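The values are calculated or read from the model by the stated rules, or taken from the named source; none is laboratory data. Being a predicted model, the structure only gives us computed values, none of them experimental. Using ideal geometry, Cβ is built from the backbone for each residue, glycine included, and neighbour counts are taken over all protein chains shown.
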């Protein structure tokens with residue numbers, strides 16, 4: 001995933017406003033128009049408690065194991081780029097390490113993920129904000 005975040009973002013994906021602000025607007029729209037897991041209280045919390053900004057990068061937008069193709073132990077492709085954009089890479093990281101059956105259920109597996117990534121810029125607060133917060137509206 002670090003290769004994704006290091007790749008220059010195509011100009012067409014760079015919005016005119018801040019990615020997180022755009023996501024919160026979309027989250028509110030989704031809340032008002034669709035059945036989502038998020039609540040009105042959670043949405044207000046997210047608006048009032050945005051994480052400290054970091055430089056935006058190219059992000060996948062739905063980086064999880066079902067969108068990663070592997071052959072012979074090597075990643076060969078990343079599919080489903082419909083959520084790609086110029087955004088906060090911690091969002092991708094949060095989705096990538098969500099616990100799944102037999103994967104990311106223990107801390108050592110998360111540690112291995114970040115060892116492969118090369119760094120860990122994702123704190124517990126940011127993880128909860130994106131995974132247990134913002135993602136609840138998508």
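The table for this structure:
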quantity	calculated
Candidate set: the stretch 5-18, residues that are out of contact with any strand residue (DSSP E or B) (no Cβ under 6 Å at 6 or more places or on another chain) and either assigned to a loop (DSSP other than H, G, I, E, B) or in contact (Cβ under 8 Å) with a residue 24 or more places away in the chain (or both); chosen: the one nearest to residue 119 (Cα to Cα)	6
Residue 100, sole failed condition from (1) under 16 Å from residue 127 (Cα atoms); (2) surrounded by 14 or more Cβ atoms within 10 Å (Cβ to Cβ)	(2)
Selected residue (only one of 21, 62, 41, 80 is under 13 Å from the mean Cα position of the chain (by Cα), free of Cβ contacts under 8 Å to residues at least 40 places away in the same chain and not in a strand (DSSP E or B))	62
Selected residue (criterion: surrounded by the most Cβ atoms within 10 Å (Cβ to Cβ)) from residues of the stretch 83-97 that are touching a helix residue (DSSP H, G or I) at 6+ places or on another chain (Cβ under 6 Å) and either outside any loop (DSSP other than H, G, I, E, B) or at pLDDT below 95 (or both)	91
